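Notes follow the structure.
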4 protein chains.
Amino acid sequence: MKTTILIHCPDQSGIISAVTGFIHKKGGNIIYLDQHVDKEADVFFMRLESDFDSSSFDLEKFKGEFASTLSQPYHMEWSLHLDSVLPRMAIFVSKYNHCLYDLLSRYHSGELKAEIPFIISNHRELEHIAQQFDIPFHHIPFSKTSKQNAEKQQLTLLKAHKIDFIVLARYMQIVSASLIDEYPNKIINIHHSFLPAFAGAKPYHAAFERGVKIIGATSHYVTEELDAGPIIEQDVTTVSHAHTIQDFIAKGRDLEKIVLSRAVKLHVKRKTMVYNNKTVIFS
Amino acid sequence: MKTTILIHCPDQSGIISAVTGFIHKKGGNIIYLDQHVDKEADVFFMRLESDFDSSSFDLEKFKGEFASTLSQPYHMEWSLHLDSVLPRMAIFVSKYNHCLYDLLSRYHSGELKAEIPFIISNHRELEHIAQQFDIPFHHIPFSKTSKQNAEKQQLTLLKAHKIDFIVLARYMQIVSASLIDEYPNKIINIHHSFLPAFAGAKPYHAAFERGVKIIGATSHYVTEELDAGPIIEQDVTTVSHAHTIQDFIAKGRDLEKIVLSRAVKLHVKRKTMVYNNKTVIFS
Amino acid sequence: MKTTILIHCPDQSGIISAVTGFIHKKGGNIIYLDQHVDKEADVFFMRLESDFDSSSFDLEKFKGEFASTLSQPYHMEWSLHLDSVLPRMAIFVSKYNHCLYDLLSRYHSGELKAEIPFIISNHRELEHIAQQFDIPFHHIPFSKTSKQNAEKQQLTLLKAHKIDFIVLARYMQIVSASLIDEYPNKIINIHHSFLPAFAGAKPYHAAFERGVKIIGATSHYVTEELDAGPIIEQDVTTVSHAHTIQDFIAKGRDLEKIVLSRAVKLHVKRKTMVYNNKTVIFS
Amino acid sequence: MKTTILIHCPDQSGIISAVTGFIHKKGGNIIYLDQHVDKEADVFFMRLESDFDSSSFDLEKFKGEFASTLSQPYHMEWSLHLDSVLPRMAIFVSKYNHCLYDLLSRYHSGELKAEIPFIISNHRELEHIAQQFDIPFHHIPFSKTSKQNAEKQQLTLLKAHKIDFIVLARYMQIVSASLIDEYPNKIINIHHSFLPAFAGAKPYHAAFERGVKIIGATSHYVTEELDAGPIIEQDVTTVSHAHTIQDFIAKGRDLEKIVLSRAVKLHVKRKTMVYNNKTVIFS
């Protein structure tokens, strides 16, 4: 029975020894351990993959003893995930299809180990792709007057399907606080620039205007401040004076889809932790 | 006799044909041609390397006919450079040595085809490197009261040695308008961030604070607005949560020296043109 | 009427002048010119985009005069393409779907300016994707005894649909000489290594075995010697000791699809020329 | 008192717990831990940075107890390094200066935490650089008849100065088995290609001939088989048809010096382990 444990707590001497000793005593075999200490904040982070004998492993008992033996004395925030339980993700899209195609083709070929109960869009343009991949598509249009109502519909769907996290695959609406509060550090966005450069609207136009020689894409968790959430993954590609804005956009598409899919895969594998508006990305 | 001609003018039909026809008629062999049209501004740019028979080539006569036949009717701004004439560069430094070492070792091994009559610094820390490479070093200290006087000294030196362009190799003073006006698009700076992200002071600290996954360096021509001049060259390297600010700085040093040296080499080979605060970088 | 002209011929003085003068005289406006001289082979290459007035442009007359005025005296090999005529591409696949998905989603969204009359496969696994995208799918199985017959079937289909070029999107059969001879420098393959390293079968296993820190993908034109044809495009990504062969394969998939699609787009835009088993890739 | 411990041993359950428990019991604070399991070979690797109270830490006693408590029962190969003890490196060069300049300027500015007792060369061309940086230079010429004698001289110098590891900074002689046997996995070479492509002589010429679109550099530990030792670090840069062999060489120089210096820094920080002709590079 494979498990992944994520921990963070105030740094102090002896944590690794205590946790690995506990796992060992419980009959677990540690397959992988990665840890990090944020020296400035004095916080300790760890990710542990362990294998337990399924026949004898008692999940609830393990959790109880972990809490009393470790998490309480060390003031840990922690979570334990069974690798057999796939996280449930909802995809939000608008009109651009490249990120959606990339996610769905990875999902379809088994590369993306998640469940996708549905796709939400404020437009109907990509409904045919949802149909291609046989995934329910919910059209929830937005207008100035309907915004609140639309968000309520979204939230109802998310709750009804027990969605764990949300992927904004070039979703062209600003997500409101009510949704962010329900899914803190669980909404992944792709921004089509090398943040913090060119936050906000039309980053390729701004990059062209500035005459940069490299453009980028950034996936990040959504927070209330626009394009300012914890960065998960970034990548870049070179451009030159010979490229038009249309060329920037075309080159950028290839970045966006790869950078978003990488972030989604890291999240699905529970390789990300968030602290002080930054991420720890485990190897 | 190898020559490089740089041209820009309003775009219109027939320019390439006219210029290449003229070179051909004058007995020149075009070794290389690169051109670019800025569609938004409707401006044409061209760089031509041509070879002429030294025994019969009359530079002044050529320039005169070029002006009357081409540059006047087509409203060209243009320049002609003999490859045998090396541009003269001055290096400005403060206390960091990595860019200086990189430039001087390239110069010393003949890779950088320029003359370096002297190095100017507001500190004495790098004087020994100038001595290592046997290049005159001028210590011109800065203080609040002496700024104007110091700049006058700089300008006197630059003029006396017929300096063509200036390289700020991690020079930690803001260059004032009086110097920029004398050397428009002829002062190359290296900024230790991926501009326009993190302009100004302490970019590595800001990048660390923001939790970016990639850091960069940018070489650009100096204009009056700080870190906002035409970008010549950029490059990036990946970082992670595991890197400290000191790691950012160390990784950044390797970017800075390479990106600055690339920009200097492009300038020396007359492969850069500036228009509307952007560069055209010829191949 | 937009046209693209590709030329190569023995290098000599005056070619650019002659060609651009001719275009100008015929009323064409040169939008873009890129040229290259292979100094070793003394061969000149040029790509020209020109715009002509559709109402007066006589294609056959233009071709005739180009031939007599330019291509014969300069011993040119040349071709002229109307941008309005889309090249017709056939896709060959086996069982891997990532390259196919990438090509078809670009095609579907109008990014790939080609026609795709059909997909050929030696297996049925990807037929459903062809159906998703509404493209005819021909299953032509291979066995030791049927190889020749299968290839005949392929060729019949290719000819019947006037296919211009072929894309091997992770097609796991070796293409025989009879097909290569019909489509010289018109069959694009993606090899899942950084050629010439790890040519042949199982390159990710070989890369893992060697302990490399970077893996790559290479798109190239198919020639009779396996994985030795002219390289169009390459890209790489970093790996470490922590990656398994499965990780190499997963990271490689992202490279393969992007590198193949870039090569196909270059070919479709007539930006590639082949000479001496190497490519010239115009900007 | 900061220490670094490197361990490898057959993989089994409980090692991390045992080692971290031991360090904790001895009063050490673990600052950093990175581990890796080679699943194919079933071998466990770990690197630990720990801090001990200098006033009470007894190095010899610690080593003895570590041996009896851990290394014997777990069949470990292990080493313990005090961070205060700088490794001693010798540099071997021939005529190219870029790698030497890069190493020495890093050393000079305190970035490279090693001691450099001397430089050895089979030529006199770079003696002036050794003098610039005030480092003893030993000219040991090679000829067919003197080879054995020259190597004996090298070895005498290396032993006399208690050299820990050797850096071949574009040293153009093949190192013989007698030297490799004395310094197993302790001789770092820079090869100017993306290994395993273009092993052996003149890799840039071979890369040019093949028409690759990317060139690289590889630093590796020297083994008896030429250019086939464990790879430490690789990097690449793009090239095009427009680049000559001279351009390849110039672009390659920038790769070579950076890739070699990165490898040297990893070795100096004891972040490398070798197993089965591959490296584990700790983060």
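The values are calculated or read from the model by the stated rules, or taken from the named source; none is laboratory data. This is a predicted model, so every value here is computed, not measured. For neighbour counting, all protein chains shown are included, and Cβ atoms are generated from backbone atoms with ideal geometry for every residue, glycine included. Each accessible area value is taken on the protein alone, full model and side chains, heavy atoms only, with ligands, DNA and RNA left out. Shrake-Rupley method; radii C 1.70, N 1.55, O 1.52, S 1.80 Å.
Reported to the nearest whole Å, the Cα centre-to-centre distance from the stretch A:212-283 to the stretch D:116-138 is 46. Residues of the stretch D:167-203 that lose at least 30 Å² of accessible area (1.4 Å probe, protein heavy atoms only) when the other protein chains are present, relative to their chain alone, are D:PHE194, D:PRO196, D:ALA197. With a 10 Å cut-off around each Cβ of C:7-19, the average count of Cβ atoms from other chains is 4. Sorted from shortest to longest, the distances between the B:ILE174 label points of this copy and the other copies are 3.2, 6.1, 6.8 nm, with each point 7 Å from Cα along the line through the beta carbon. Between chain B and chain C, the total buried accessible area stands at approximately 1200 Å², from heavy atoms with a 1.4 Å probe. Highest mean packing first, where packing is the average number of other Cβ atoms within 10 Å per residue, the peptides A:176-186, B:180-190, C:226-236 line up as C:226-236, B:180-190, A:176-186. Within the listed set A:GLU111, A:GLU77, A:GLU225, the Gaussian network model of chain A (springs between alpha-carbon atoms below 10 Å) gives the highest mean-square fluctuation for A:GLU225.
Of all chain D residues, the one whose Cβ lies closest to the rotation axis that maps D onto B, given with that distance rounded to whole Å, is D:GLN132, 2.
Label-point spacing at C:SER71 relative to the other copies reads 4.0, 7.6, 7.7 nm, in ascending order, each point sitting 7 Å out from Cα along Cα→Cβ. Shielding of peptide A:215-221 by partners, expressed as the average count of other chain Cβ atoms within 10 Å per residue Cβ, is 2. Of all aspartates and glutamates in the structure, the ones whose alpha carbon falls short of 16 Å from that of C:LYS278, not counting any fewer than 8 places away in one chain, are C:ASP38, C:GLU40, C:ASP42, C:GLU224, C:GLU225, C:ASP227, C:GLU233, D:GLU209. Taking label points 7 Å from Cα along the Cα-to-Cβ direction, A:PHE142 and A:LYS2 give a separation of 3.7 nm. Seen from B:SER50, the other residues with C-beta closer than 9 Å to its C-beta sum to a net charge of 0, counting Lys and Arg as +1 and Asp and Glu as -1. When you filter the trypsin sites (Lys or Arg not before Pro) in the stretch B:72-172 for DSSP loop state and at most 11 other Cβ atoms inside 10 Å of their Cβ, you are left with B:ARG124, B:LYS144, B:LYS162.
DSSP finds beta bridges in the protein assembly as shown, and of those with both partners inside it, around 70 percent are antiparallel. Estimated from helical segments only, the mean residue ellipticity of chain A at 222 nm is -9500 deg cm²/dmol, where each DSSP H run of four or more residues counts as -39500 (n - 2.57). Under the combined filter of DSSP loop state and at most 14 neighbouring Cβ atoms within 10 Å, the stretch D:32-82 retains these trypsin sites (Lys or Arg not before Pro): D:LYS39. Averaged over its residues, the protein assembly as shown has an accessible area of 41 Å² per residue, based on protein heavy atoms and a 1.4 Å probe. Annotation for D:GLN131, label-to-label distances across the other copies: 1.5, 8.1, 8.2 nm (shortest first, one decimal, point 7 Å from Cα along Cα→Cβ).
Too long at a 20 Å Cα-Cα cut-off: which of C:LYS25/C:LYS63; C:LYS2/C:LYS269; A:LYS2/A:LYS39; B:LYS269/D:LYS95; A:LYS213/B:LYS2? Long pairs (Cα-Cα over 20 Å): A:LYS2/A:LYS39; B:LYS269/D:LYS95; A:LYS213/B:LYS2.
Give the carbon-plus-sulfur fraction of the accessible surface of the stretch D:43-187 in %, rounded to a whole number; probe 1.4 Å, heavy atoms of protein chains only. The nonpolar share, carbon plus sulfur, comes to 50 percent.
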